[in-house]
Each structure stands twice: as structure tokens, then as C-alpha cells.
1. Just to verify a result, which residue in region 1-42, among those that are touching a strand residue (DSSP E or B) at 6+ places or on another chain (Cβ under 8 Å) and in a helix (DSSP H, G or I), is surrounded by the fewest Cβ atoms within 10 Å (Cβ to Cβ)?
2. Yes or no: region 68-82 includes at least one residue that is exposed (fewer than 12 other Cβ atoms within 10 Å of the Cβ), charged (D, E, K, R) and modelled with pLDDT of 95 or more.
Amino acid sequence: MEIKVPEPITIDAISAEVARARHKFPNGKYLLAALVEEVGELSQAMMEASRGPDVSHARQPRKRYDRDDIIMEAIQVAAMAIRIIEEGDPDFPASLPPRPDIGPTDWGPEEDT
């Protein structure tokens, strides 16, 4: 069975979001909180996009979500996860610290033997 790797456009979008997030929030504090927030936003986008039209009588109609919103939220989740992998979160000492001596090949799954 062939294992499909992520599409280059997906990786490029995630890399751009990581760069944007690092520029906007360079100190890396609260990365776990940011990840959890993004997961919540992704969940909301997916659930709301799957609902039918808003037929409630609420004063404020709920936001309409679509596939583009879901993709953007998923990219932000991936970007925060990458920041935690590469930077760790200073509020959680057990998270991965910056380790220039470890490269991505050392992080992969173990081979079946």
C-alpha cells in the first residue's frame, strides 16, 4: 500500500502560517493554549459548516462556515503543533525544547522490524 505524503501546497500553506505566527508572536509563550484555541475553532468550523441554514430567531445569525474556513483553521492547528514540536512551550518544561542537534528524520515513527 502506497502511503501518500502531504501535498506541497498544504506544506507551503502551513509553513507560511508558522512564519506569520512566529512574526506576530515571537516569544513562543502560551503555545499550548493557542493550539487548544485553534482546535476549538476548527471543531466549530467543521460542526457549523455541516449544519443546515440558520433558521433560528436569534438576534445575531450565526457565522456561516465553509470548506475554506475549515482548511484555514486546520492550517492554524498544524502551525501551532509545529511550533510546539520545534520550540516547545516555556510554560510546560516537559515539552520539546529547541534541539538543533535533532533533525526531522530522528522524529519519525520507528520502522517495523
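1. Taking region 1-42 as the starting set, the residues that turn out to be touching a strand residue (DSSP E or B) at 6+ places or on another chain (Cβ under 8 Å) are 28-32.
Now narrow it down to the ones that are in a helix (DSSP H, G or I): 31-32.
Details: 31: 22, 32: 15.
Across region 1-42, the extreme among qualifying residues is 32.
2. Of region 68-82, the ones exposed (fewer than 12 other Cβ atoms within 10 Å of the Cβ) are 68.
Those left that are additionally charged (D, E, K, R): 68.
Among the residues that remain, those that are also modelled with pLDDT of 95 or more are: 68.
Yes: region 68-82 contains one or more residues that are exposed (fewer than 12 other Cβ atoms within 10 Å of the Cβ), charged (D, E, K, R) and modelled with pLDDT of 95 or more.
The values are calculated or read from the model by the stated rules, or taken from the named source; none is laboratory data. All figures in this text were calculated on a predicted structure; none of them were measured in a lab. All Cβ positions, glycine included, derive from the backbone under ideal geometry; neighbour counts span all protein chains shown.
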